[in-house]
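One structure is given here, and the rest of the page talks about it.
The values are calculated or read from the model by the stated rules, or taken from the named source; none is laboratory data. In this text, all values refer to a predicted model and were calculated from it rather than measured experimentally. Cβ atoms come from the backbone with ideal geometry, glycine included; neighbour counts cover every protein chain shown.
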Amino acid sequence: MFIIFEDRPSDSPFVERIWRSHSECSDVFCSVATCHWEMVVSKHLGKNSFIVRGPETMATTVECPSDGEWFAIRFKLGTFMPLFPTGERRDLNDVILPNATSRSFWLNGSAWEYPNFENAETFVKRLVHCGLLTADPLVSSVVSGQNRELSLRTAQRRFLRTTGVTRSTADQIERARRATLLLRQGNSILDVVFETGYYDQAHLTRSLKHFIGLTPVQIARGDRQLSFLYNTDPV
């Protein structure tokens, strides 16, 4: 694998995961579907970029340069930035914020220092304090299955508006990601079908080709580098 990943959990109520990576050579990889949005700091050829990246509802093939470095804050479902509606960022409609200096970028009229792997939570706290980052508690209650106050239709609309994806799509993405992890861990295809609740092997194959970009056999063989994956419970 030519992209090396490292990740850690976070104690922030807004953050799902913190990760960073670097590339050892140039190559192509599969950017797999994800229902979470991220803030990404990219470093390449001495230039920093701050990117607001939305959820991805299908796999895409991406060219990766050599000697690149990336750091990302992956946010929990329900967390959002009013300035950048999550649905408008979906499927590679990223926003790249302009640089203020080599160490800072412009956000909402102010220069912000680039965050890093170690101080990500402090950066998130500043965003929340300034009203630039918030969360819809209804989405958390929907995810946990505890929502009882609103009708199903109203809850689904709120979920879509806040996360940029439907609850059904989020479930399908997380199931495909879990299946991929199980295959990479050496589980048989039939065992993965059973563990993740697919109807049959054909159903699994269709799902993985759409959301991951590879067939179960290709995933099990490790045919291509995948974007960041980590072990999490399904939505």
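Taking ARG224, is it assigned to a loop (DSSP other than H, G, I, E, B), charged (D, E, K, R) and surrounded by fewer than 20 Cβ atoms within 10 Å (Cβ to Cβ)?
Numbers: assigned to a loop (DSSP other than H, G, I, E, B): yes; charged (D, E, K, R): yes; surrounded by fewer than 20 Cβ atoms within 10 Å (Cβ to Cβ): yes.
Considered against the rule, which asks whether it is assigned to a loop (DSSP other than H, G, I, E, B), charged (D, E, K, R) and surrounded by fewer than 20 Cβ atoms within 10 Å (Cβ to Cβ), ARG224 comes out as yes.
Hey, any hits in the stretch 9-29 for a residue that's in a loop (DSSP other than H, G, I, E, B) and under 10 Å from the mean Cα position of the chain (by Cα)?
Let us first name the residues in the stretch 9-29 that are in a loop (DSSP other than H, G, I, E, B), namely 9-14, 24-26.
Of the ones still in play, those that are also under 10 Å from the mean Cα position of the chain (by Cα) are none.
No - not one qualifying residue is present in the stretch 9-29.
Anything in the stretch 164-182 that is out of contact with any strand residue (DSSP E or B) (no Cβ under 8 Å at 6 or more places or on another chain), assigned to a helix (DSSP H, G or I) and touching a residue at least 12 places away in the same chain (Cβ under 8 Å)? List them, or say none. Full working, then the answer.
The first filter runs over the stretch 164-182 and keeps only residues out of contact with any strand residue (DSSP E or B) (no Cβ under 8 Å at 6 or more places or on another chain), leaving 164-172, 174-176, 178-179, 181-182.
If we keep only those that are assigned to a helix (DSSP H, G or I) as well, we get 167-172, 174-176, 178-179, 181-182.
Correct list: ARG167, THR169, ALA170, ASP171, GLN172, GLU174, ARG175, ALA176, ARG178, ALA179, LEU181, LEU182.
Among the listed residues ASN108, ASN116, identify the single one that is at pLDDT 95 or above, surrounded by 12 or more Cβ atoms within 10 Å (Cβ to Cβ) and touching a Cys at 6+ places or on another chain (Cβ under 9 Å). I'd like the intermediate steps shown before the answer.
Numbers: ASN116 fails: touching a Cys at 6+ places or on another chain (Cβ under 9 Å).
Exactly one residue qualifies, and that residue is ASN108.
Go over the candidates ALA33, ALA72, ALA59 one by one and state the one that is under 15 Å from the mean Cα position of the chain (by Cα), surrounded by 19 or more Cβ atoms within 10 Å (Cβ to Cβ), touching a residue at least 12 places away in the same chain (Cβ under 8 Å) and within 21 Å of ASN108 (Cα to Cα). Spell out the reasoning first.
On the way: ALA33 fails: within 21 Å of ASN108 (Cα to Cα); ALA59 fails: within 21 Å of ASN108 (Cα to Cα).
Of the residues listed, the single one that is under 15 Å from the mean Cα position of the chain (by Cα), surrounded by 19 or more Cβ atoms within 10 Å (Cβ to Cβ), touching a residue at least 12 places away in the same chain (Cβ under 8 Å) and within 21 Å of ASN108 (Cα to Cα) is ALA72.
Could you please find all residues in the stretch 210-220 being in contact (Cβ under 8 Å) with a residue 12 or more places away in the chain and either in a helix (DSSP H, G or I) or among the hydrophobic types (A, V, I, L, M, F, W, C) (or both)? Talk me through it step by step, then tell me what you get.
Filtering the stretch 210-220 down to residues in contact (Cβ under 8 Å) with a residue 12 or more places away in the chain leaves 210-214, 216-217, 219-220.
Of everything in the stretch 210-220, those that are in contact (Cβ under 8 Å) with a residue 12 or more places away in the chain and either in a helix (DSSP H, G or I) or among the hydrophobic types (A, V, I, L, M, F, W, C) (or both) turn out to be HIS210, PHE211, ILE212, LEU214, PRO216, VAL217, ILE219, ALA220.
Identify, from the list THR57, THR86, the residue that is modelled with pLDDT of 95 or more, at negative phi and in contact with an Asp or Glu (Cβ under 9 Å, 6 or more places away or on another chain). It would help to see each step written out before you state the result.
Working: THR86 fails: in contact with an Asp or Glu (Cβ under 9 Å, 6 or more places away or on another chain).
Testing whether each residue is modelled with pLDDT of 95 or more, at negative phi and in contact with an Asp or Glu (Cβ under 9 Å, 6 or more places away or on another chain) leaves just THR57.
Going through the stretch 193-211 one residue at a time, which ones are under 21 Å from the mean Cα position of the chain (by Cα) and more than 17 Å from SER168 (Cα to Cα)?
LYS209
Any residue that is in contact with a Ser or Thr (Cβ under 8 Å, 6 or more places away or on another chain) and more than 19 Å from LEU132 (Cβ to Cβ) - is there at least one of those in the stretch 77-90?
So far as the stretch 77-90 goes, yes, one or more of its residues are in contact with a Ser or Thr (Cβ under 8 Å, 6 or more places away or on another chain) and more than 19 Å from LEU132 (Cβ to Cβ).
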